[in-house]
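Report on the following structure.
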Amino acid sequence: MAIEASRDESGAGRRIRLGMVGGGEGAFIGAVHRIAARLDDQYELVAGALSSEPGKALRSAQAIGLARAYPDFHTMAREEAARPDGIEVVAIVTPNDQHAPAAEAFLRAGIHVICDKPVTTTLADAQRLDALVQETGRLFAVTHNYTGYPMVRHARQLVRDGALGDVRVVQVEYAQDWLTERLEATGQKQAAWRTDPKRSGAGGCIGDIGTHAFNLLNYVTGLKTVELAAELSTFVDGRALDDNVQVMLRLANGARGALWASQVAPGNENALRLRVYGSRGGLEWAQEHPNQLRYSPFGEPVRTVARGTSATLSDGQRVTRLPSGHPEGYLEAFATIYSEIAQAIRAVRSGQPVPAGVDFPTMADGIDGLAFIEAALRSSAEGGRWVRL
């Protein structure tokens, strides 16, 4: 006779009720968020306004078996807040121009927010949103998902523990080739909104993938960028926003860095790579081979550290799911961010402090990203002049 385990429908063990804004028909990232939220069995998706077009929103909800479908996020925020079984957190996966208004609606309704990057289209909007986060006391997470990889966390711990000594040089790059031709002119949805200033904001490539590279550099080194000199280029005729970015960086401890992001680099699919060099050693990590990290202590043989082995430091072990030799990739890293947020939500739910070690990008990271975009735009417009963040 099988024994059925009881479910805690009211306490800390209950799945977190999740809603989603955006991510309907033709969207890429919405499905990624849904998979990530379910991977560790922490969330239950129960409501959504999956499109700004009511008909498409309903069809999209029906296609994934969503319990409650709404025509717009304002209605969703209001009605979900009034329900005893309403959502506890919402994932905002729309084009950039809808991030701020949607986030504001749910924060004012008392609902936690998980938002794609960049959090808004301007730094001023991000700062206003941050003030609302402080006022409401709600959690606000930003899906800089590359910080969820175990070997990225291993790298961060290496730096924090002093294994590299004083950080001197940092090189980060994020290269793609999917916009080498004017794909947006064909009506391709993902290209169309990312190259439209009204929907994407003033930054193209720099906002879409440059912010990921910038966040990864900050996350692993633990250092803030204080000044930058940038050149933003648009190589494809007729394109309204930048498609290639080159930035020199001065970090708070005196280290120097360089960031290159491009969506017009043939032969590159999703080539995010980070190199950090200090007075005692260096490290290198590449997103397309995420389960290994190259660690080179000065004067010693170069080591390749593999995820899941005894050589993986505690920060990396904590977010590792599978034994070594079983690769973990993009979806698992994304799921790590969702699971970290879940631990914070459960703590808030039970009136407890967020557990030590729980780590996910927040509004502070979102503000840093917008400050980076606006400083780079300003520098480039002024001929590559050094600009303070």
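If I filter region 304-314 for residues that are assigned by TED's automatic domain parsing to the domain that holds LEU377, surrounded by 20 or more Cβ atoms within 10 Å (Cβ to Cβ), in contact with a strand residue (DSSP E or B) (Cβ under 8 Å, 6 or more places away or on another chain) and of a type in the set (Val, Ile, Thr), do I get at least one hit? Checked region 304-314: at least one residue is assigned by TED's automatic domain parsing to the domain that holds LEU377, surrounded by 20 or more Cβ atoms within 10 Å (Cβ to Cβ), in contact with a strand residue (DSSP E or B) (Cβ under 8 Å, 6 or more places away or on another chain) and of a type in the set (Val, Ile, Thr). Check region 284-304 and report whether any residue there is at pLDDT 95 or above, touching a Phe, Trp or Tyr at 6+ places or on another chain (Cβ under 9 Å), among the hydrophobic types (A, V, I, L, M, F, W, C) and within 30 Å of GLY24 (Cβ to Cβ). No, region 284-304 contains no residue that is at pLDDT 95 or above, touching a Phe, Trp or Tyr at 6+ places or on another chain (Cβ under 9 Å), among the hydrophobic types (A, V, I, L, M, F, W, C) and within 30 Å of GLY24 (Cβ to Cβ). Among the residues of region 177-193, count how many are touching a residue at least 24 places away in the same chain (Cβ under 8 Å) and part of a helix (DSSP H, G or I). Total meeting the criteria: 5. Taking the condition outside any strand (DSSP E or B), buried (at least 24 other Cβ atoms within 10 Å of the Cβ) and of a type in the set (Ser, Thr, Tyr), does THR120 pass? Judged against the criteria, THR120 is a match. Only a single item in (1) in contact (Cβ under 8 Å) with a residue 40 or more places away in the chain; (2) under 29 Å from THR225 (Cβ atoms); (3) of a type outside the set (D, E, K, R) is not met by VAL358, and it is number (1). Residue count for region 105-115 satisfying the condition of being surrounded by fewer than 21 Cβ atoms within 10 Å (Cβ to Cβ) and either among the charged types (D, E, K, R) or touching a residue at least 60 places away in the same chain (Cβ under 8 Å) (or both): 1.
Being at pLDDT below 95, within 26 Å of the chain's Cα centre (by Cα) and in a helix (DSSP H, G or I) is a property that SER51 lacks. Can you tell me which residue within region 198-242, out of those that are within 20 Å of the chain's Cα centre (by Cα) and β-branched (Val, Ile, Thr), is surrounded by the fewest Cβ atoms within 10 Å (Cβ to Cβ)? Per the stated criteria, the residue is ILE209. Consider region 283-297 and keep the residues that are touching a residue at least 60 places away in the same chain (Cβ under 8 Å) and surrounded by fewer than 19 Cβ atoms within 10 Å (Cβ to Cβ). The one that is farthest from ARG160 (Cα to Cα) is GLN292.
Taken together, the residues in region 211-246 that are farther than 24 Å from GLU184 by Cβ and part of a strand (DSSP E or B) amount to 5. With respect to being over 22 Å from ASN145 (Cα atoms), in the same structural domain as GLY22 (by TED's automatic domain parsing) and β-branched (Val, Ile, Thr), VAL46 fits the description. Annotation for region 177-192: no member residue is β-branched (Val, Ile, Thr) and closer than 22 Å to ALA364 by Cα. Taking residues in region 70-94 that are not assigned by TED's automatic domain parsing to the domain that holds LEU45, and partners anywhere that are at pLDDT 95 or above, not one pair has Cβ atoms closer than 8 Å while being at least 6 places apart or on different chains.
The values are calculated or read from the model by the stated rules, or taken from the named source; none is laboratory data. Every value quoted in this text rests on a predicted model; they were computed, and no experiment measured them. In this analysis, Cβ positions are derived from the backbone assuming ideal geometry, glycine residues included, and neighbour counts consider all displayed protein chains.
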